[in-house]
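The values are calculated or read from the model by the stated rules, or taken from the named source; none is laboratory data. Predicted, not measured: the structure shown is a model, and the values here were computed from it. Cβ atoms come from the backbone with ideal geometry, glycine included; neighbour counts cover every protein chain shown. Note: accessible area is taken over every heavy atom of the protein model, side chains too, but ligands, DNA and RNA are not part of it. Shrake-Rupley method; radii C 1.70, N 1.55, O 1.52, S 1.80 Å.
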Amino acid sequence: MQINSCAPLRGEITVPGDKSISHRAVMLGALASGTTHITGFLMGEDCLSTIDCFRKMGVSIDVSDKEVVVEGVGLHGLTAPKSELYTGNSGTTTRLLSGILAGQSFTSTMNGDASIQKRPMGRVMKPLREMGASIEGRDDNFCPLTMHPSELHGIEYRLPVASAQLKSAILLAGLYAEGQTTVIEPAPSRDHTERMFRALGVEIETNGNVITLEPPEDLHAVDIAVPADISSAAFFLVAGAIVPGSELTIRNVGVNPTRTGILDVLRSMGADITESNFRDDAEPVCDLTVRYSRLHGTEIGGAIIPRLIDELPVIAVAAAFAEGETVIRDAQELKVKESNRIASMVAELTKAGVDVEETDDGMIVRGGAKPHGAAFETYKDHRIAMSLAVLGLAAEGASRIDEPEVVAISYPDFFTTLEKLGG
Ligand code: S3P
């Protein structure tokens, strides 16, 4: 696909539903008693993998343009899958499902694509085993993972990394455990699981960084409206901020404070972003308007990292167009995403003539000189592909992106929306 340097981006868009919330809506809907109607569901490949896994365990899930309807089977109603559960490219499906499967009375095996088979699963195996789970993985760390029936008991677990997938896996296993389950986070990570548990009647308490769950009798189905994904909005926030003359509005974006690090960082770089129509149901939502402005470098590290972990590739693009130095640190987790996102972005920014240096836990981008177009590699990573497309819009000359179809993991219509805005 060719990307050309573009005229100002103008207009109003909606971006697809939140990936994290869509996964959780299907999972908790499946375990609830009653029917769950999900609107705004993300029809991306990752979330479809979650639907597929639950269908294989006897859950009826109807997908239409309007909504996804999940017929809950109750906490103990899943049935043994007849074949391996395939989680595709989805870390969230794999890790969260491992917590649920650990508590079942049947044996199951999960596997995913080449990227999933390289991602660390020891981090979920360890606490689940402490809870009494019988779980095997290749080299004790990788998919395929096999879970055998076992009795679980609650634990108190201090997470070694601020990971919402890990936290959620433990809390989901906690549904099936004898006694309380407590998770202590080093820094707050996205809290969609906790919010959805509360909405479904599960007793769960958050006290600073300590989260405690009481195993419930059952979960009561509620309808779920999924807000637009701030991680998908991020590409347009950066595009609007770096393409001269742009002004665009993104409607109904989820602005849960555990996800809004991108807004804090872009504003600290001088971006002009305003919020309107704020409302708060189970998740806070608003419209975001971004206008082009001159950006400057910033420092990003510490507790903000889990609040913007998926946005760091596109933040690196913003940094390339910003005057001065941007330092990203404490972001080692980027190395174990769909690709090694530090290495991927450093290599591709370098191709575009950006002065960028890889560090142990992030990168240093020295912006200011206008990047030029290049033939970019995606590493089969949806967020790398979209970040490089944004770079191409504001770079000098044309760019090429190999395998643009990888965006379908989280944003199937990304390029169509970009064209609609004038990109
Ligand atoms: C997610 C948590 C994050 C994030 C991922 C989605 C979730 O992963 O990168 O895209 O839905 O819980 P980690 O838990 O590995 O940080």
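Conditions (1) aromatic (Phe, Trp, Tyr); (2) farther than 16 Å from ALA234 by Cβ; (3) modelled with pLDDT of 95 or more; (4) touching a Ser or Thr at 6+ places or on another chain (Cβ under 7 Å), marked per residue:
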position: ASP272; (1), (2), (3), (4): no, no, yes, yes
position: ALA282; (1), (2), (3), (4): no, yes, no, no
position: GLY297; (1), (2), (3), (4): no, yes, yes, yes
position: ILE328; (1), (2), (3), (4): no, no, yes, no
position: GLN332; (1), (2), (3), (4): no, yes, yes, no
position: LYS351; (1), (2), (3), (4): no, yes, yes, no
position: VAL354; (1), (2), (3), (4): no, yes, yes, no
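Of all residues in segment 116-131, those that are out of contact with any strand residue (DSSP E or B) (no Cβ under 8 Å at 6 or more places or on another chain) and open to solvent by 20 Å² or more (accessible area, probe 1.4 Å) total 2. Comparison of ALA375, ALA352 shows that the only residue that is open to solvent by less than 10 Å² (accessible area, probe 1.4 Å) and away from the ligand (no atom under 14 Å from the Cβ) is ALA352.
Residues of segment 1-29 that are of a type in the set (A, V, I, L, M, F, W, C) and over 23 Å from LEU393 (Cβ atoms): ILE21, ALA25, VAL26, MET27, LEU28. VAL243 fails exactly one of the following numbered conditions: (1) more than 16 Å from the ligand (Cβ to nearest atom); (2) open to solvent by less than 10 Å² (accessible area, probe 1.4 Å); (3) more than 30 Å from LEU266 (Cα to Cα); (4) not polar (S, T, N, Q). What is the number of that condition? So the condition that VAL243 fails would be (3). Restricting segment 132-158 to residues that are within 16 Å of the ligand (Cβ to nearest atom) and closer than 23 Å to LEU31 by Cβ leaves a set whose member that is most open to solvent (accessible area, probe 1.4 Å) is TYR157. Filter segment 192-223 down to the residues that are of a type in the set (D, E, K, R) and over 17 Å from GLY254 (Cβ atoms) and list them by number. Across segment 192-223, the qualifying residues are GLU203, GLU205, GLU214, GLU217, ASP218. Condition test on MET27, is it open to solvent by less than 10 Å² (accessible area, probe 1.4 Å) and at pLDDT 95 or above? When the stated conditions are applied, MET27 passes them.
Select, from ILE309, ILE300, ILE305, the only residue that is buried (at least 23 other Cβ atoms within 10 Å of the Cβ) and either polar (S, T, N, Q) or within 14 Å of the ligand (Cβ to nearest atom) (or both). Can you show your working first?
Working: ILE309 fails: buried (at least 23 other Cβ atoms within 10 Å of the Cβ); ILE300 fails: either polar (S, T, N, Q) or within 14 Å of the ligand (Cβ to nearest atom) (or both).
After applying the criteria, what remains is ILE305.
Taken over segment 302-353, residues that are hydroxyl-bearing (Ser, Thr, Tyr) and under 15 Å from the mean Cα position of the chain (by Cα) amount to 1. Exactly one residue out of ILE38, ILE13, ILE51 is closer than 19 Å to VAL407 by Cβ and open to solvent by less than 10 Å² (accessible area, probe 1.4 Å): that is ILE13.
Quick one: which strands (runs of 3 or more DSSP E) sit completely within segment 136-241 and have at least 3 residues that are of a type in the set (A, V, I, L, M, F, W, C)? Don't jump to the end; show me each part of the working.
Numbers: elements: 142-148, 156-158, 181-184, 204-207, 210-213.
Per the criteria, 142-148, 210-213.
Here's the yes/no breakdown for (1) under 19 Å from ALA394 (Cβ atoms); (2) out of contact with any Cys (no Cβ under 6 Å at 6 or more places or on another chain); (3) open to solvent by 10 Å² or more (accessible area, probe 1.4 Å):
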{"position": "ARG291", "(1), (2), (3)": "yes, yes, yes"}
{"position": "ALA318", "(1), (2), (3)": "yes, yes, no"}
{"position": "GLU323", "(1), (2), (3)": "yes, yes, yes"}
{"position": "SER339", "(1), (2), (3)": "no, yes, yes"}
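Tallying residues that are within 15 Å of the ligand (Cβ to nearest atom) and free of Cβ contacts under 8 Å to residues at least 60 places away in the same chain within segment 1-40 yields 1. Looking only at segment 61-72, residues that are open to solvent by 50 Å² or more (accessible area, probe 1.4 Å) and touching a helix residue (DSSP H, G or I) at 6+ places or on another chain (Cβ under 9 Å) come to 2 in all.
Within segment 112-135, can you find the residues that are under 20 Å from LEU171 (Cα atoms) and part of a loop (DSSP other than H, G, I, E, B)?
Within segment 112-135, PRO120, MET121, MET131, GLY132, ALA133 qualify.
I'd like to know if segment 215-232 contains one or more residues that are more than 24 Å from HIS76 (Cα to Cα), more than 16 Å from the ligand (Cβ to nearest atom), open to solvent by 10 Å² or more (accessible area, probe 1.4 Å) and at pLDDT 95 or above.
First, the residues of segment 215-232 that are more than 24 Å from HIS76 (Cα to Cα): 225-232.
Applying the additional criterion that residues be more than 16 Å from the ligand (Cβ to nearest atom) yields 225.
Filter once more, so that each one left must be open to solvent by 10 Å² or more (accessible area, probe 1.4 Å): 225.
In the following step, the residues that additionally are at pLDDT 95 or above were identified as 225.
Scanning segment 215-232 turns up at least one residue that is more than 24 Å from HIS76 (Cα to Cα), more than 16 Å from the ligand (Cβ to nearest atom), open to solvent by 10 Å² or more (accessible area, probe 1.4 Å) and at pLDDT 95 or above.
Scan segment 161-175 and tell me whether some residue there is exposed (fewer than 15 other Cβ atoms within 10 Å of the Cβ), of a type outside the set (A, V, I, L, M, F, W, C) and in contact (Cβ under 8 Å) with a residue 24 or more places away in the chain. The answer is no, given that none of the residues of segment 161-175 is exposed (fewer than 15 other Cβ atoms within 10 Å of the Cβ), of a type outside the set (A, V, I, L, M, F, W, C) and in contact (Cβ under 8 Å) with a residue 24 or more places away in the chain. Does segment 385-396 contain at least one residue that is in contact with a His (Cβ under 6 Å, 6 or more places away or on another chain) and open to solvent by less than 40 Å² (accessible area, probe 1.4 Å)? Within segment 385-396, one or more residues are in contact with a His (Cβ under 6 Å, 6 or more places away or on another chain) and open to solvent by less than 40 Å² (accessible area, probe 1.4 Å). Residues that are more than 16 Å from the ligand (Cβ to nearest atom) and among the polar types (S, T, N, Q): does segment 51-64 have at least one? So far as segment 51-64 goes, yes, one or more of its residues are more than 16 Å from the ligand (Cβ to nearest atom) and among the polar types (S, T, N, Q).
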